[in-house]
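What follows is calculated from the coordinates using simple rules that are stated; it is not laboratory data. Note that the coordinates shown come from a computational prediction; the quantities given were computed from them, not determined experimentally. Here the Cβ positions follow ideal geometry from the backbone for every residue, glycine too, while neighbour counts run over all protein chains shown.
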Amino acid sequence: MCVCPHEGRMIGTFRGVCALLWIFSLGECKISEFQVTCVISEDCVLPCTFTPTRNVLVRWYKQEVLVHSFLPSEGQQGADGKVSLFKDQVAHGNASLLLQHSSTADRGRYTCRVNSTVDGDGSIVIVRVEAPISDLIMSVTSERHVLCGTKGVYPDPSMQWATDPPSPASKLHSAVRKTLDHNRLYDVESTLTTWPPHVTCICTIKAKYSPQLWKATLMEGADIVDESGGSVLVPCVAPKDFTLQNFTLSWTFSPSSDPSVDPSALLTYDSRTRQTSMPSEGVELDQEQVLLGNGSLRLLSPESAENTGHYTCTFSALQTRHLVQTWVNITGPHTASITGHKEGELWVVAVVVGVLALLVIAILLCKRRARRSKQRDAVIEDTESQPMHTGQRSGVIGQPMHTVKPVGASTVEGSHLTENLKDTCT
């Protein structure tokens, strides 16, 4: 088969281009890319390996700015305590960079170049910095809003609300507040302002880089009203999906109608040691039941004032929290007797006032009758004091027709009548 010289040159050129591209691809394949997530305040290693040679020059760049270099004859340059190489490992082809006490300022794109040749060894490292979620806070505010949050996190995590049983998103209204502390870390709070009644509120917080997912649930127990003197059981049961392994149970108490007031610790139970610490007396916990998920608290002989308030139990496990908050009102056994005594006193006072009122009315009536009697006596006395007209019977001269009663007798009878009325009134 015959080949045209022109076609032969084209085939040769094509083969040359392919060979050049293949050489470049080999050089590029030697530059590895990594993504490294450093934890704030901890040391972090940025990887870089190469083929060992006699005369090796290692340079590290951050956004094309030289931050560190190493030459065996000159040692490390720019080693200010923040970054350094593992000097004894360089001869073995390890040029990894040690980043000490990482912070948010260390984020960025780092490039490791060995021998400063285009086709030399090295690596590209994308450094991300994270302050992981270490705790989750959940509580109820005085306005009966549910607050869920975490502190000292970087970057800012995502938060989401839900309920059990599930509620429509239109019935869940929340507001998120993010602030930066002096270390440039985020404090994040999400407040659930409205939610349906008689549901369990669920808050989830997810980290941006790591697969961390924290979950907290809160339910309000039914209010308890009881008299003092006897024991009172405050219920608290872990949900079915809660892992009862390596968990702790804590009880706190806030003697206020405002549940956001800082509570005081009552007791803490650790399932790993199966020990209970009781900083407060007068409470009791059934440890066998706790291992089954029943962390109910028994109040022994509670007093009305000292033991009335919010009781909160918290089951805590790995990245999980479950809270139950209950309002307990201890009324006191003497309340009823005091109330009955006061009612009895009120009845006595009412009877006394009624009797006094009747006596006053009787005295007024008696005085009125006595006054009228005196007026009648005065009229009779005036009438009897008038001279009497006498006449004679026909045919009998000088004989009186009527016998006139002496004035003295009438007056005496009137005085006796008045005295009898006075005696009656007294």
Checklist entry - Residue by residue through segment 304-315, which ³J(HN,Hα) values in whole Hz follow from phi under the Karplus form 6.51 cos²θ - 1.76 cosθ + 1.60 (θ = phi - 60°), with glycine and proline marked x? => result 5, 7, 6, 10, 8, x, 8, 10, 10, 10, 9, 8
Checklist entry - Kirkwood hydrodynamic radius of segment 248-326 from all distinct Cα pairs, in Å? => result 13.1
Item to check | Estimated inter-spin distance, Glu74 and Leu292, nm [label 7 Å along Cα→Cβ] | outcome: 7.5
Item to check | Residues in segment 202-239 reached by a label modelled at Ser277 [backbone nitrogen below 17 Å; 7 Å Cα→Cβ] | outcome: none
Checklist outcome for this item: So Gln100 and Asp270, fully extended at 0.36 nm per residue minus their Cα-Cα distance, gain in nm 57.6 nm
Item to check | Projected label distance in nm at Gln63 and Thr243, using a 7 Å step from Cα toward the beta-carbon | outcome: 4.0
Item to check | Violating pairs (Cα-Cα greater than 27 angstrom) within the set Lys82/Lys206; Lys178/Lys215; Lys171/Lys215; Lys62/Lys151; Lys171/Lys240 | outcome: Lys82/Lys206; Lys62/Lys151
Checklist entry - How high is the FRET efficiency from Asp181 to Glu227, r the C-beta distance, R0 51 Å, rounded to 0.05? => result 0.60
Item to check | Net length gained if the chain between Val39 and Asp135 were fully extended (0.36 nm per residue, minus Cα distance) | outcome: 33.0 nm
